[in-house]
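The values are calculated or read from the model by the stated rules, or taken from the named source; none is laboratory data. On a predicted model such as this, the values are computed, not experimentally measured, just so you know. Backbone-built Cβ (ideal geometry, glycine too); neighbour counts: all protein chains shown.
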Amino acid sequence: MRRNYNWWTISLSNTVSAVLPRSTRTHGLFSAEDYVQMRAFFTARPHLVATPTTSLPSLAQDLGLAGVWAKDESGRFGLNAFKLLGARFAIETLLAEGQLQSGDTVVCASEGNHGRAVARAAHDAGCAARVYMAADVAQARVDAIAGEGAEVIRVQGSYDDAVRILQGDAAANGWTVISDTAWPGYERIPFLIMLGYTRMMDEADRAANFDAVFVQGGVGGLLCAIASWCAFHRPTCAVISVEPTEAACLQASARAGHPVAVEGPLTTTLAGLRNREVSPLAFDALLPNVDAFMAIDDRWAHAAMRALAKPIAGDPRIIGGASGSAALGGLLALCRDRSMRATRRALGLDHFHAIVQARDLRCAQPDQHHGGQPAAQRELGTETQPRHERDDGKEQLLQDFTSAALVTDKLQPD
C-alpha cells in the first residue's frame, strides 16, 4: 500500500519515503572553465590515481537491474576517503592563489572523514589544522584525526553546533576555515571542495554507462557535486539523494523549497550523515538537479552493508560502514519496498544500471556514536546484523561505503 501527497511517497512501514520536486534543470554549480581547472589540477598530479569502478552483476540481477557498479574509494590517495579530493583541491588551490600560506592554521568541523582529509591536506601543505567535533563522536574518529597531526576540539552539541563555534574561533584568530558547508559570506572554499569532488564522476564516466545516480545526503556537498556534474555532462541522468530519516534535512528542505533545519534527537547510526541543516550554496544548486530526495530507516543501510560484505556468488566483497552504505540502501529500498513503485515509475527507473560509489572510513568506527554499539540495528526481515565488533570484543574499524548509484533505464539488448 502507499499514499501519495503531491509527489510525497510514504511507506506505511515507515522505512522509506521520497519527495520528487518539480524543477527545471540548470547546468549545475560549475562552469566549463571550472571543470577545465579541476581536470588540469589532477592531470598535473598523475600520482593521484583514480579509484576503481567495480561491477556487481549478481547484485544487479538479484535486484532486477541491468547493472550495478561500485566506485570504491577505499584507496583514495592513501586516506581511504573521497573527502580528500575536495580538501586537497581546495587547500592547494588556495596556496597557488596566495590566499593561504605555509604555516597558517586551517580549521573545520567534522564527523570523521572531512576532518581527517583536511588534517592530511594541511600537513602536506605545511599548515596546522584544528578539527571541531561533536562531544559524542566515537574516540576512534578523534584518534584517527589526531594521528594526522591535527588538534581536535570537542564541542557540546551536534556537527552544526561545531560549525558555528569554529566560525567564531577562526574569526578571532585569523584562521582559514576549510568547510564544504557554506554560509553567507563564506562560499569560495566550499565551492572549491565540491568542485574537487566531481573528479569521482569523471572517473566513473570513463568506466561505465549510466542513467541515474544515488548519492548519500549529509549537508549536500557531495550531492551538489554529483548533481552538478550530471546536469552539465549528462542532463538526462536521474539523481537521487538518500539520507537517514532522523536527519533528513535535504528532504525536508526540498519539500519546503528552501533550507530548513530538522529537529529531534540525532540517534541514527549513520553517524557521518547526522546533519540538521543543509549547506545553502549546495542546496540552491542541487535542488533543480535532483530528481528524488529519499529518506530511509537505518536498517536499509545495514542491509546494504550485509549485501556488500556477503555478496552473491560472483560479486567481489566490499566491507563498508553504515553512512557510506546509505545510497545503496536507498537503491535497495527503491527496488524492494512496494511503496516505492510509484516513485520508480515517476523516475522512469523500472530497469536501470546503477553505479555505487564507495568511500572508506577506516579512520573511524563503523558509524557509531556515543562510543558504543548502536541500538536497534536489525536488518529488514532478519535479526542478523553486520558485525561491528571483533569476536574478542574490540571494535573493528570498517570501511564506510559511500553509495551513489548511477543508473540506466534500459536493460542490455539480448
Practice task
Name the single residue, out of those in the range 106-154 being β-branched (Val, Ile, Thr) and in contact with a helix residue (DSSP H, G or I) (Cβ under 6 Å, 6 or more places away or on another chain), that is farthest from LEU166 (Cα to Cα).
Solution key: ILE145
Exercise for the section: Would you mention how many residues in the range 93-126 are buried (at least 24 other Cβ atoms within 10 Å of the Cβ) and more than 17 Å from LEU273 (Cα to Cα)? Expected result: 7
Practice task
Of all residues in the range 127-139, count the ones that are under 20 Å from the mean Cα position of the chain (by Cα) and surrounded by fewer than 24 Cβ atoms within 10 Å (Cβ to Cβ).
Solution key: 3
Exercise for the section: Considering only the range 174-194, state which residues are under 22 Å from GLN101 (Cβ atoms) and of a type in the set (S, T, N, Q). Expected result: THR176, SER179
Handout entry: Top-ranked residue of the range 44-81 - restricted to ones that are of a type in the set (A, V, I, L, M, F, W, C) and exposed (fewer than 15 other Cβ atoms within 10 Å of the Cβ), ranked as modelled with the lowest pLDDT
Key = VAL49
Practice task
For the range 150-168, indicate whether the set of residues that are touching a residue at least 60 places away in the same chain (Cβ under 8 Å), farther than 22 Å from LEU266 by Cβ and exposed (fewer than 15 other Cβ atoms within 10 Å of the Cβ) is non-empty.
Solution key: no
Fill in the blank from the handout: Conditions (1) assigned to a helix (DSSP H, G or I); (2) within 24 Å of SER158 (Cα to Cα); (3) in contact with a Phe, Trp or Tyr (Cβ under 9 Å, 6 or more places away or on another chain) -> GLY324 fails only (1)
Practice task
Just name the residue that is modelled with the lowest pLDDT out of those in the range 246-271 that are assigned to a helix (DSSP H, G or I) and within 15 Å of the chain's Cα centre (by Cα).
Solution key: ALA271
Practice task
Examine the range 67-88 for a residue that is among the hydrophobic types (A, V, I, L, M, F, W, C) and over 24 Å from SER325 (Cβ atoms), and state whether such a residue exists.
Solution key: no
Practice task
Output the qualifying pairs, or none if there are none: Cβ atoms under 7 angstrom, residues six or more apart or on different chains, first residue in the range 186-211 and under 13 Å from ALA225 (Cβ atoms), second residue of a type in the set (Asp, Glu).
Solution key: PRO190/ASP180; ILE193/ASP180; MET194/ASP180; LEU195/ASP34
